[in-house]
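Report on the structure given below.
The values are calculated or read from the model by the stated rules, or taken from the named source; none is laboratory data. Computed from a predicted model, the values in this text were never measured in an experiment. Positions of Cβ are generated from backbone atoms using ideal geometry, with glycine treated the same way; all protein chains shown enter the neighbour counts. SASA here: full protein model, heavy atoms, side chains in, ligands and nucleic acids out. Shrake-Rupley method; radii C 1.70, N 1.55, O 1.52, S 1.80 Å.
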Amino acid sequence: MGVARPAPRLRALPPNTWWWVLAGVVMLPAAAPLGVLAYGLVSGVVTTVPMARLLELAANTGALGAAVTSTSLLIGGASAWLVSRTDLPGKKLATVLVLTPFAVPSFVGALALLGATGADGILSTAWAWMGGDVIRYPSGFWAAWLVLTLISVPLVHLAVAPAVRSLNPTLEEAARGLGAGRLKVFWTVTLPQLRPSLTAGALLVGLYTLSDFGAVSLLRYDTFTRAIYLEYAGRVDRRPALGLAAVLAAVAVLLVWLERGTRTRGVWFTARPRRTGSPVRLGLGGKILGWGFLGTLVTVSLLVPVAVLIAWVMRGLISGVLVNQPWAELGRSMWVALLTALVAGVVVAPVAMVTTRYRNRWAGLLEGGAWALYGVPHIAVGMAMIVFTLWLARPLYQTLVLLVGVYVVMFLPQILGPSRDSLGRVSPSMEEASRSLGRSPLRTFMGITLPLMAPGLLSGAALVFLTTLRELPATLLLRPAGFETLAIRVWSATGEGFYTQGALAGLLLLLVAALPLAIVTRHELIR
Amino acid sequence: MNSSANHRPLAAHALCKSFDATVALDDFNLEVESGSLLTVLGPSGVGKTTALRILAGFEMPDSGTVRVNGQTVNGPGIFVPPERRQVGMVFQDYALFPHLNVARNVAFGLDAHHRELRVSQVLEMVGLAGFEKRMPHELSAGQQQRVALARALAPGPQVILADEPFSNLDAALRKRLRAEVRSILREARTTTIMVTHDQEEALAVSDQLALMNEGRVVQTGPPDHVYRNPATSWVAEFLGDADFFDAHAKGGRITTPFGTFPTTRSGKVKVMVRPESVTVFPHAQGVAVVTYREFFGHDQLLSVKLPGKITLRARCWPQPALAPGDRVAVSVDGIHIFDEPQAPPAPPETPPGTPLPQRVVIPR
Ligand SMILES: Nc1ncnc2c1ncn2[C@@H]1O[C@H](COP(=O)(O)OP(=O)(O)O)[C@@H](O)[C@H]1O
Ligand SMILES: [Mg+2]
């Protein structure tokens with residue numbers, strides 16, 4: 001049966017080295033923004049910003065972060081409890097509805113708020129028509145708080161719902177049996193069990209608020225991200241902008257680090273299989289109240305914004321101002337997002353292989369690097385890459401290569417997570433079996449590892465596609481001249497008050513985001 | 001012997017391998033005869049898996065050589081990757097490809113030439129004809145195991161390696177399947193190296209045993225030969241129940257409370273007695289006293305205490321029904337003598353309620 005055997009060959013590299021080399025090459029570009037930001041922090045660039053200004057920005061950003069985090073924690077916690085722990089009818093639908101606003105980019109949310117209640121806004125017009133007073137232009141703290149809170153609720157819901165579902169009912173029953181009242185049980189037994197997931201949700205929201213540029217810039221609330229952009233746009237000296245970016249990045253990395261800490265501890269609370277309690281029975285009144293709450297939430301965070309956008313598009317169609325249609329932007333957004341998803345899908349493979357198969361310091365470093373960069377606000381990455389290309393890589397300045405490269409590096413963890421999940425289910429013995437059956441390492445990877453990794457790669461790539469579509473600040477800073485994406489179109493049209501133009505682009509953005517979201521939702525959100 | 005080693009399907013010489021501070025293999029030597037089933041037997045952690053992975057090419061030895069059918073595949077400056085060794089592998093977790101059906105799993109190592117024919121041939125051999133279209137998760141554990149075997153057999157490798165191939169099965173299935181696998185391998189005339197820590201399994205199926213301890217092979221040979229002539233007390237104890245006691249050899253014989261035995265040794269020796277070679281019968285003036293009895297239906301195991309702090313176990317017919325305290329006479333049909341005066345390795349545990357006389361070895 002045997003085939004003629006080729007002569008033994010001298011061994012050049014052990015078979016796994018190539019993965020390490022590739023992973024290193026892939027992650028090397030991540031060092032550029034991190035390096036520049038670290039340099040910004042230690043080199044004294046920060047001192048080009050007056051201390052009073054730094055403190056003012058920190059206070060503003062902190063206040064917004066605290067407000068958004070606490071309110072979304074309350075709302076998201078309540079919706080998670082309703083959906084996961086009670087006998088509320090229509091829970092599947094409720095889950096989808098509660099989670100969908102996450103697909104609304106913050107600048108689209110801001111546009112909806114402005115388009116509803118701003119000058120000429122749909123609601124303000126109706127209000128004036130009914131004889132009400134003129135509404136002030138919605139801006140500043142409360143406007144940003146409203147938009148960011150509504151978008152953050154799904155983040156909290158996602159983080160908390162699994163923990164609520166796996167709450168150990170025997171603990172509560174035991175406490176009740178010992179004579180504790182409902183409220184006392186909630187504070188002393190239920191809440192401590194939920195604390196890891198609540199903390200994780202809070203940190204995620206904090207990070208999101210800290211990083212947001214779209215809403216705060218359109219609603220003119222003075223946080224770090226907006227200040228960085230203003231410094232960048234208004235001056236030739238890049239140092240103050242870099243200094244601010246470095247401070248922002250440092251805070252963000254701290255939050256990421258804290259969040260990852262809670263995640264590993266959270267596993268202990270959520271991953272153990274055990275008896276789940278019978279759902280809490282809501283009476284008829286309770287059910288009406290529950291759906292009233294969820295209905296209001298969905299109306300305010302999803303239905304009203306979409307209706308406002310549609311109304312503005314209709315207005316434009318009727319009055320004929322809708323001349324400048326964003327088809328070119330749509331195409332650009334789609335293909336740059338597709339390209340990013342493809343590249344990410346290719347380059348993630350070695351990083352996933354190395355970080356799944358080897359648990360050593362180097363794998364930890366690669367993974368930590370990917371996550372650190374993921375947490376750094378995009379505007380800070382953009383700023384760092386401007387400085388980097390201007391100083392060290394001039395030919396890359398404002399090129400598509402740079403833009404896609406930065407996208408890939410920023411969004412890699414989104415595809416790394418699902419890829420590693422699927423790869424973790426491929427036992428190394430399958431690869432060894434393939435090798436002993438005569439397949440080379442490459443053919444083994446193509447025939448065994450890749451097909452088994454595919455579901456994770458696909459949902460990760462969909463996530464990257466989605467995120468790239470919605471990305472605003474890094475695109476704004478790094479895009480080639482004239483490279484206008486849908487996101488930029490929404491943002492600039494809204495900033496200039498062309499709500500009709502913005503609304504059409506915004507609606508298109510929501511529509512193209514729906515498909516990858518459906519893929520991701522199937523794989524990730526509803527398990 | 002050495003010149004024929006060139007034509008062995010597989011031969012390993014002086015393999016050493018360490019992981020950081022752990023020495024997994026320390027001068028490991030092994031040869032397997034064509035068409036035979038060799039079992040590497042040893043307790044867990046002695047380096048069996050490491051040895052097998054080196055033979056398969058999944059792991060690099062620190063030093064030593066491996067030859068497959070006379071060709072060096074591991075040696076100074078030589079490493080032939082697994083895909084070019086013609087060494088098949090059956091994994092403990094079977095490692096079936098979950099996205100391929102049975103036929104495509106089995107065909108994985110075949111080139112297009114005669115592929116279908118070979119697949120059905122091999123599936124027939126393992127008794128799974130008609131299962132071609134099933135996916136791995138639609139098979140029982142035993143069927144998965146046979147698919148794994150078929151897949152390894154299909155390309156006609158020089159040797160098949162199997163790491164604890166039956167350990168994922170429940171006891172009843174394990175016994176049935178090991179007999180089946182044995183006859184499949186016989187029929188295929190394949191050379192096989194199997195690894196296990198289960199001495200009963202090893203004794204039952206192997207043509208050759210290689211006993212392994214602390215990173216090296218300590219004894220090889222056919223199962224009954226090794227069982228009867230263990231090279232060390234460790235081997236004796238690992239292969240089956242055995243009781244030991246120290247004795248003195250003088251003038252070509254050893255005197256024990258149950259008789260005198262000839263020997264070529266002299267001086268301090270260690271005597272090993274297997275329970276099945278001990279016979280007891282009730283006798284009011286007998287030298288021994290029954291201390292413990294376990295009844296199994298088809299036989300019984302008696303623990304008897306003899307003068308000189310010697311305790312022996314006797315595996316004998318269920319009759320007569322003896323009870324602790326009964327006085328018995330003892331006759332022993334053959335003993336084994338070791339030079340080493342030191343105690344054999346400590347047993348894993350002691351049965352509760354038994355006084356600890358000298359050596360009590362627990363049935364595994
Ligand atoms: N990849 C590895 N890294 C570190 N130590 C290992 C590795 N593989 C095996 N060892 C160690 O080598 C010794 C032998 O292991 P192994 O070959 O698996 O034994 P067995 O299969 O006989 O149970 C053990 O002490 C084990 O801990
Ligand atoms: Mg093992």
In the range B:82-95, anything more than 7 Å from chain A (Cβ to nearest Cβ) and surrounded by fewer than 23 Cβ atoms within 10 Å (Cβ to Cβ) is listed as B:Gln92
For B:Ser167, indicate whether it is within 16 Å of ligand 1 (Cβ to nearest atom) and surrounded by fewer than 18 Cβ atoms within 10 Å (Cβ to Cβ). yes
Screening A:Gly90, A:Gly44 for residues that are without any contact (Cβ under 8 Å) to a residue 24 or more places away in the chain and open to solvent by 20 Å² or more (accessible area, probe 1.4 Å) leaves only A:Gly44
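Out of contact with any Phe, Trp or Tyr (no Cβ under 9 Å at 6 or more places or on another chain) and closer than 28 Å to A:Phe224 by Cα - does that describe any residue in the range A:89-100? Step through it out loud before you land on a result.
Of the range A:89-100, the ones out of contact with any Phe, Trp or Tyr (no Cβ under 9 Å at 6 or more places or on another chain) are A:91-93, A:95-100.
From what is left, the residues that are closer than 28 Å to A:Phe224 by Cα are A:99-100.
Yes: the range A:89-100 contains one or more residues that are out of contact with any Phe, Trp or Tyr (no Cβ under 9 Å at 6 or more places or on another chain) and closer than 28 Å to A:Phe224 by Cα.
Here's a check for you: in the range B:170-197, which residue that is part of a loop (DSSP other than H, G, I, E, B) and within 14 Å of chain A (Cβ to nearest Cβ) is surrounded by the fewest Cβ atoms within 10 Å (Cβ to Cβ)?
First, pick out the residues of the range B:170-197 that are part of a loop (DSSP other than H, G, I, E, B): B:170, B:189-190, B:197.
Okay, now just the ones that are also within 14 Å of chain A (Cβ to nearest Cβ), so B:189-190.
Details: B:Arg189: 9, B:Thr190: 22.
Step by step, filter the range B:170-197, then rank; the result is B:Arg189.
Going by the conditions given, is B:Gly77 away from ligand 1 (no atom under 16 Å from the Cβ), more than 27 Å from the chain's Cα centre (by Cα) and open to solvent by 30 Å² or more (accessible area, probe 1.4 Å)? Spell out how you get there, then give the answer.
Working: away from ligand 1 (no atom under 16 Å from the Cβ): yes; more than 27 Å from the chain's Cα centre (by Cα): yes; open to solvent by 30 Å² or more (accessible area, probe 1.4 Å): yes.
Answer is yes for this residue.
Which of the residues that make up the range B:59-71 are within 14 Å of chain A (Cβ to nearest Cβ) and open to solvent by 40 Å² or more (accessible area, probe 1.4 Å)?
Just the residues of the range B:59-71 that are within 14 Å of chain A (Cβ to nearest Cβ), to begin with: B:59-62, B:65-71.
Matches in the range B:59-71: B:Glu59, B:Met60, B:Asp62, B:Arg67, B:Asn69, B:Gln71.
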Out of B:Leu41, B:Leu55, B:Leu123, which single residue is more than 8 Å from chain A (Cβ to nearest Cβ) and more than 16 Å from ligand 2 (Cβ to nearest atom)? B:Leu123
For B:Ala112, which of the numbered conditions (1) surrounded by fewer than 16 Cβ atoms within 10 Å (Cβ to Cβ); (2) within 14 Å of chain A (Cβ to nearest Cβ); (3) within 16 Å of ligand 1 (Cβ to nearest atom) fails to hold? (3)
So which helices (runs of 4 or more DSSP H) are wholly in the range A:362-481 and hold at least 1 residues that are away from chain B (no Cβ under 14 Å) and open to solvent by less than 10 Å² (accessible area, probe 1.4 Å)? A:378-392, A:400-424, A:450-470, A:473-478
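Just checking, does the range A:505-521 include any residue being in a loop (DSSP other than H, G, I, E, B) and modelled with pLDDT under 90?
Step one: of the range A:505-521, the residues in a loop (DSSP other than H, G, I, E, B) are none.
No.
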For the range B:35-53, state whether one or more residues are within 25 Å of B:Arg186 (Cβ to Cβ), over 14 Å from the mean Cα position of the chain (by Cα), open to solvent by less than 10 Å² (accessible area, probe 1.4 Å) and within 15 Å of ligand 1 (Cβ to nearest atom). yes
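Just name the residue that is nearest to ligand 2 (Cβ to nearest atom) out of those in the range B:206-236 that are in a helix (DSSP H, G or I) and open to solvent by 10 Å² or more (accessible area, probe 1.4 Å). Give the derivation first.
From the range B:206-236, those in a helix (DSSP H, G or I) are B:223-228, B:233-236; that's our starting set.
In the following step, the residues that additionally are open to solvent by 10 Å² or more (accessible area, probe 1.4 Å) were identified as B:223-225, B:227-228, B:234.
Details: B:Pro223: 21, B:Asp224: 26, B:His225: 25, B:Tyr227: 23, B:Arg228: 27, B:Trp234: 19 Å.
If we take residues in the range B:206-236 being in a helix (DSSP H, G or I) and open to solvent by 10 Å² or more (accessible area, probe 1.4 Å), then B:Trp234 is nearest to ligand 2 (Cβ to nearest atom).
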Please determine whether any residue of the range B:131-151 is open to solvent by less than 40 Å² (accessible area, probe 1.4 Å), within 13 Å of another protein chain (Cβ to nearest Cβ), away from ligand 2 (no atom under 16 Å from the Cβ) and farther than 27 Å from A:Leu423 by Cα. no
Take the conditions crowded, with 21+ Cβ neighbours inside 10 Å and not in a loop (DSSP other than H, G, I, E, B) and apply them to A:Pro154. Does it pass? yes
